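Trainee: Right, I'll just put the structure down here and ask away after.
Rule-based calculations on the coordinates, nothing more; no lab input. Bear in mind that the values here come from a model prediction, so they are computed numbers and not experimental data. Glycine gets a Cβ as well: all are built from the backbone with ideal geometry, and neighbour counts include every protein chain shown.
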């Protein structure tokens with residue numbers, strides 16, 4: 001369409017936040033990413049008790065006509081998952097005390113990956129408790145911080161009786 005004005009993703013995020021408030025879900029993130037299959041507009045939503053498929057569907061149906069002017073090929077609405085990266089001040093506050101994985105762009109003390117307990121994020125510094133040591137990282141030097149989720153073999157065992165298949 002000639003002369004069609006496109007909507008910036010930040011405007012779509014603002015609209016999505018209003019809808020999330022109305023539907024009583026948390027808007028975790030909005031992203032527009034170019035992938036080999038095309039441009040994906042993604043909305044990540046959740047609830048403290050967990051997000052249901054009906055919530056995702058309701059949000060999708062309501063947001064789609066509101067963001068028609070964003071230049072995208074595909075739109076997705078999904079849960080961010082348990083190991084979603086921490087991005088906002090609110091994310092860091094909610095994760096304080098949790099064990100996290102932090103990856104840096106360049107080696108720090110000879111390594112780029114750290115596992116420790118998140119003590120906080122303040123004044124552009126992320127502080128972890130790693131063993132007996134407190135280590136601070138400048139946010140600009142950090143590629144990603146996410147909850148460290150580990151499974152043991154018992155978590156992965158299939159509890160169904162032998163011979164019974166998953167449906």
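Trainee: In whole Å, how far is the Cα centre of the range 101-142 from that of the range 48-94?
Mentor: Taking the Cα centre of each part, the range 101-142 and the range 48-94 sit 28 Å apart.
Trainee: Another question, then. Using only Cα atoms and rounding to the nearest 10 degrees, what angle (0 to 90) does helix 9-23 make with the longest principal axis of the chain?
Mentor: On a 0 to 90 degree scale, this one is about 90.
Trainee: Helix 53-63 sits at what angle to the longest principal axis of the chain, using alpha carbons and giving 0 to 90 degrees rounded to 10?
Mentor: It works out to around 50 degrees.
Trainee: Also, I was wondering about something else. Report the full-extension gain for the segment residue 71 to residue 33: residue separation times 0.36 nm, less the Cα-Cα distance, to one decimal in nm. Spell out each step's value before the answer.
Mentor: Values: separation 38, 0.36 × 38 = 13.68 nm, distance 1.08 nm.
My answer for the length gained is 12.6 nm.
Trainee: Note down the relative contact order for the chain as a percent, whole number, built from C-alpha pairs under 8 angstrom at least six residues apart. Please report the intermediate quantities before stating the final value.
Mentor: Details: 233 pairs, mean separation 27.7, N = 167.
RCO, the chain: 17 percent.
Trainee: Sorted by mean Cβ packing within 10 Å, highest first, what order do the peptides 17-30, 44-57 take? Present the calculation step by step, with values, prior to reporting the outcome.
Mentor: Details: 17-30: 15.6, 44-57: 13.7.
So the peptides 17-30, 44-57, ranked by packing, come out 17-30, 44-57.
Trainee: Sticking with this one: Remind me, relative contact order of the range 89-147 in percent, using alpha carbon pairs under 8 angstrom and six or more residues apart? If you can, show how the numbers build up before the last one.
Mentor: Working: 102 pairs, mean separation 21.0, N = 59.
Over the range 89-147, the number comes to 36 percent.
Trainee: So, in nm, how far is label residue 57 from label residue 93 when the simple model puts each one 7 Å beyond its Cα toward the Cβ?
Mentor: Going from the residue 57 label point to the residue 93 one covers 3.5 nm.
Trainee: Can I ask one more? Order by neighbour count: 74, 121, fewest other Cβ atoms within 10 Å first, most last. Walk me through the numbers before you get to the answer.
Mentor: Details: 74 11, 121 22.
By the 10 Å Cβ count, ascending: 74, 121.
Trainee: Would you calculate the volume per residue, in Å³, of the smallest convex hull containing every Cα atom of the chain? Working shown, then result.
Mentor: Details: hull volume 34.4 nm³, N = 167.
Taking the convex hull of the Cα positions in the chain, it is 206 Å³ per residue.
Trainee: Using 0.36 nm per residue, how much length does the chain from residue 135 to residue 11 gain when fully extended, once their Cα-Cα distance is taken away? Provide the component values of the computation, followed by the final result.
Mentor: Values: separation 124, 0.36 × 124 = 44.64 nm, distance 3.70 nm.
Here the answer is 40.9 nm.
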